[in-house]
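Asks: What follows is a structure written as structure tokens; I'll ask about it next.
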Amino acid sequence: MIRLDDVTELLSKHHPGADVEMVRRAYVFSAAAHRGQTRRNGEPYLVHPLEVSHIVAQLRLDAPSVAAALLHDTVEDTVATVEDIEAQFGKDVCFLVDGVTKLEKLNFHSAEEAAAENFRKMLIAMSRDLRVILVKLADRLHNMRTLSHLPPEKQKRIAQETLDIFAPLANRLGVNWLKIELEDLCFKYLYADEYRELADLIKKTRREREQYIDRVNEQLDAELKKHGVKGDLNGRPKHLWSIRQKIKISGQAFDSLFDILAFRIVTERLSECYEALGLVHSLWKPVPGRFKDYIALPKPNGYQSLHTSVMGPEGERIEIQIRTEEMHQFAEFGVAAHWTYKEGQYGMHHRDASDKFAWLRQLLEWQRDLQDPTEFMEIVKVDLFADEVYVFTPKGEVKAFPRGATPLDFAYSVHTDLGHETTGARVNGSIVPLRYELQNGDAVEIIRTTGSKPGKDWMSLVRSGRAKAKIRNYLRQETRERMVLIGEELIEKEVKKYGLSLTKLRRSGKLAEVLSKHKFRTEAECLVALGYEKIRIDALLPDLVPADKLEKGPQEADSNPFAKVFKKFMPKREGGIVVDGMDDIATVFPKCCAPVHGDPIVGFVTRGRGITIHRKDCVQVGNYDPARRMDVHWDSQSRLLRPVDIRIYSVDTPGLLASISQSFHSAGVNISAVNCKTSLDKRAVNNFTVLVNNLDQLRKVISMIEKIDGVTSVERIAG
Ligand code: MN
């Protein structure tokens with residue numbers, strides 16, 4: 001069994017000067033928290049976090065990661081809280097524990113390949129810090145190692161999930177040894193018979209195989225030495241899962257034990273890789289088409305090596321990989337390798353600039369620039385998939401969007417009608433404005449108001465093609481509908497002057513005649529044309545109205561029907577505020593200064609509440625970030641009523657309150673609240689909250705009240 005000292009020794013080996021003391025405290029904390037808990041196999045629960053912390057130390061992670069591994073189940077399974085952990089171990093450890101706990105809550109049951117890939121991306125994107133993923137992988141590895149204690153159907157489910165999600169994730173991060181062990185454990189539980197068969201075969205041929213490996217190594221070693229190339233040699237069977245996959249792909253059972261062997265030469269310098277390759281090819285005949293230069297063209301996860309197959313000493317095919325020590329470290333530890341190399345010397349050649357794994361290269365580059373490992377840690381809190389964001393639906397499904405997407409993109413991706421009727425959104429439980437940019441890991445919930453409609457500025461709020469197309473369609477349709485109404489109204493108004501109506505014209509067939517004469521296919525087409533003024537009503541009138549009636553002239557005069565009609569159907573702006581020429585923007589009036597129409601105002605973009613409108617002279621204005629300031633002005637059309645607090649100092653005489661109320665009434669101002677206090681010296685302070693249309697009205701009513709006998713002063717108060 002692992003002891004804490006094993007963990008701290010390993011940690012200190014890879015990170016001299018690491019905070020071992022903190023790791024010890026984490027151990028004590030975890031032991032106390034898990035006290036009395038046991039795992040299914042009867043062991044104390046503490047064994048699990050301890051083993052996980054050892055794997056994390058093997059992954060060469062730092063002290064906070066090792067501490068987090070020890071603590072990783074305390075928040076989920078014990079009474080300990082995230083706050084406790086932060087108080088005792090600081091922000092860094094707390095962040096990691098919280099991250100692992102959150103990953104635990106994700107639902108990974110969908111085994112569908114596309115979904116699995118999304119989840120993998122999601123996992124990476126969500127955790128923002130690769131250490132969270134690595135601790136999670138360590139946790140999963142230990143759970144897989146101890147899987148035999150679970151009931152069979154649970155074993156299968158967990159193994160499948162591991163094979164779908166976690167092994168590929170380990171591969172993505174380039175941590176080869178972890179990937180291999182996970183895959184073989186999954187193999188064991190998912191295909192038990194096949195696994196046993198293959199494992200037995202490998203066991204049986206062990207002696208023979210080892211002798212063969214020695215023979216190959218001897219010859220290789222002699223050849224390298226002769227030419228002064230330094231290289232470590234290693235030969236071993238490939239891992240079982242990869243053998244199984246190879247059999248599945250080739251469709252043939254392996255007939256030679258050599259097929260399952262892989263040899264490796266690890267050199268000191270890059271140039272020696274190619275020298276060694278030349279020597280291997282001069283020693284044994286290469287198999288055509290089997291040479292791969294992953295040094296010049298690394299695999300997407302950053303893996304670099306030369307691969308070749310040759311006809312070995314006895315004419316059988318063997319595979320040989322050749323790479324430098326750094327490349328080997330990278331192959332085994334992947335991203336984690338960087339924690340140990342302060343001066344990265346990876347000579348990677350990246351030719352494909354559009355490679356979507358740019359993040360990994362970026363990591364390498366950062367590594368080169370940064371001497372201080374703690375600074376590196378800061379930067380490793382990566383933004384991995386820069387072009388996409390992944391968010392959750394309320395049901396826990398993952399959806400991908402282009403970066404910069406907003407809640408509207410989300411709504412339209414669910415359903416067109418939901419998109420159209422979106423009036424707000426909640427992200428992680430808080431209301432956000434519709435222009436909020438979705439962030440990785442956001443849980444998004446759409447607020448829908450039945451019957452509400454898309455706004456004109458929505459086109460500028462969405463990023464996804466689907467949402468754009470849906471909104472464009474809607475707006476086109478909506479304009480058309482409005483034009484039909486305008487057209488109808490125009491005809492109606494005009495023909496009414498001659499004692500006719502649209503209904504009559506329709507019924508008599510007169511309208512149909514007119515339509516065909518003017519080459520309109522449908523009535524709507526004609527109405528739209530009228531609405532857009534493509535055709536004038538005057539042009540239709542002689543056909544709609546009988547000549548005798550037309551000659552008599554209109555029965556009533558009605559000047560400029562068009563303007564009147566148009567006004568009726570133009571959208572009305574609500575809210576009373578124009579923001580930089582945009583409408584449909586949520587505005588909020590704070591209590592502090594209660595601006596009314598006419599007050600000089602200024603707006604500030606607030607998170608989650610749209611734009612807050614203050615009077616320019618409000619004391620609060622100084623508290624805002626000037627970058628959030630927006631130019632706003634009152635909409636001249638607005639008839640918005642705004643509450644204002646007015647304080648009136650007066651003598652305390654009967655009937656005064658009635659006079660004041662009368663003044664408000666005659667100024668057309670409604671009172672929404674009153675609060676009056678009198679003092680012993682016969683003075684009164686009367687606070688009124690009134691609803692006013694604009695500043696002029698407010699000024700007028702104040703001056704009226706000032707004139708009342710007994711009123712000493714009147715003031716508008718802020719908040
Ligand atoms: Mn665990």
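The values are calculated or read from the model by the stated rules, or taken from the named source; none is laboratory data. On a predicted model such as this, the values are computed, not experimentally measured, just so you know. Neighbour counts are summed over all protein chains in view; Cβ atoms, including those assigned to glycine, are modelled from backbone coordinates with ideal geometry. Only protein heavy atoms, including side chains, enter the accessible area calculation; ligands, DNA and RNA are left aside. Shrake-Rupley method; radii C 1.70, N 1.55, O 1.52, S 1.80 Å.
For (1) of a type outside the set (Gly, Ala, Ser); (2) touching a Pro at 6+ places or on another chain (Cβ under 9 Å); (3) free of Cβ contacts under 8 Å to residues at least 24 places away in the same chain; (4) open to solvent by 40 Å² or more (accessible area, probe 1.4 Å), each residue gets a yes or a no:
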| position | (1), (2), (3), (4) |
| --- | --- |
| Thr267 | yes, no, no, no |
| Ser271 | no, no, yes, yes |
| His281 | yes, no, no, yes |
| Val287 | yes, no, no, no |
| Tyr303 | yes, no, no, no |
| Glu319 | yes, no, no, yes |
| Arg323 | yes, no, no, no |
| His328 | yes, no, no, no |
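Asks: Out of everything in region 512-552 that is free of Cβ contacts under 8 Å to residues at least 40 places away in the same chain and in contact with an Asp or Glu (Cβ under 7 Å, 6 or more places away or on another chain), what residue ends up being nearest to Glu478 (Cα to Cα)?
Replies: Applying the filter and picking the extreme gives Leu515.
Asks: Could you pull out every one of the strands (runs of 3 or more DSSP E) wholly within region 637-706 that has 1 or more residues that are of a type in the set (A, V, I, L, M), within 24 Å of Pro600 (Cβ to Cβ) and open to solvent by 10 Å² or more (accessible area, probe 1.4 Å)? Full working, then the answer.
Replies: Working: elements: 642-651, 670-678, 683-692.
Answer list for region 637-706: 683-692.
Residues checked against (1) open to solvent by 60 Å² or more (accessible area, probe 1.4 Å); (2) modelled with pLDDT of 85 or more:
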residue: Arg435; (1), (2): yes, yes
residue: Leu438; (1), (2): no, yes
residue: Val444; (1), (2): no, yes
residue: Ala467; (1), (2): no, yes
residue: Leu475; (1), (2): no, no
residue: Leu485; (1), (2): yes, no
residue: His518; (1), (2): no, yes
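Asks: Determine whether region 34-49 contains at least one residue that is under 21 Å from Pro151 (Cα atoms), part of a helix (DSSP H, G or I), open to solvent by 10 Å² or more (accessible area, probe 1.4 Å) and within 15 Å of the ligand (Cβ to nearest atom). Steps first, please.
Replies: Of the residues in region 34-49, the ones under 21 Å from Pro151 (Cα atoms) are 37-45, 47-48.
The next check asks that each one be part of a helix (DSSP H, G or I); those that pass are 47-48.
Still in the list and also open to solvent by 10 Å² or more (accessible area, probe 1.4 Å): 47.
In the following step, the residues that additionally are within 15 Å of the ligand (Cβ to nearest atom) were identified as 47.
Looking through region 34-49, at least one residue is under 21 Å from Pro151 (Cα atoms), part of a helix (DSSP H, G or I), open to solvent by 10 Å² or more (accessible area, probe 1.4 Å) and within 15 Å of the ligand (Cβ to nearest atom).
Asks: How many residues, within region 707-719, are in contact with a Lys or Arg (Cβ under 7 Å, 6 or more places away or on another chain) and open to solvent by less than 60 Å² (accessible area, probe 1.4 Å)? So that I can check it myself, show each step before the final result.
Replies: Quick first cut of region 707-719, residues in contact with a Lys or Arg (Cβ under 7 Å, 6 or more places away or on another chain) only: 715, 717, 719.
So of that shortlist, the ones also open to solvent by less than 60 Å² (accessible area, probe 1.4 Å) come out as 717.
Within region 707-719, residues that are in contact with a Lys or Arg (Cβ under 7 Å, 6 or more places away or on another chain) and open to solvent by less than 60 Å² (accessible area, probe 1.4 Å) number 1.
Asks: Taking only region 78-100 into account, find how many residues are under 28 Å from the mean Cα position of the chain (by Cα), within 14 Å of the ligand (Cβ to nearest atom) and either at pLDDT below 90 or part of a loop (DSSP other than H, G, I, E, B) (or both).
Replies: Matching residues across region 78-100 total 3.
Asks: For Asp584, work out the one condition from (1) at pLDDT 70 or above; (2) open to solvent by 90 Å² or more (accessible area, probe 1.4 Å) it doesn't fulfil.
Replies: (1)
Asks: When you scan region 63-77, how many residues do you find that are away from the ligand (no atom under 14 Å from the Cβ) and open to solvent by 20 Å² or more (accessible area, probe 1.4 Å)?
Replies: Count: 1.
Asks: Under 9 Å by Cβ, and 6 or more places apart or on different chains, what pairs join a residue from region 670-689 that is in contact (Cβ under 8 Å) with a residue 12 or more places away in the chain with one that is loosely packed, with under 12 Cβ neighbours inside 10 Å and part of a loop (DSSP other than H, G, I, E, B)?
Replies: Val685/Ser679
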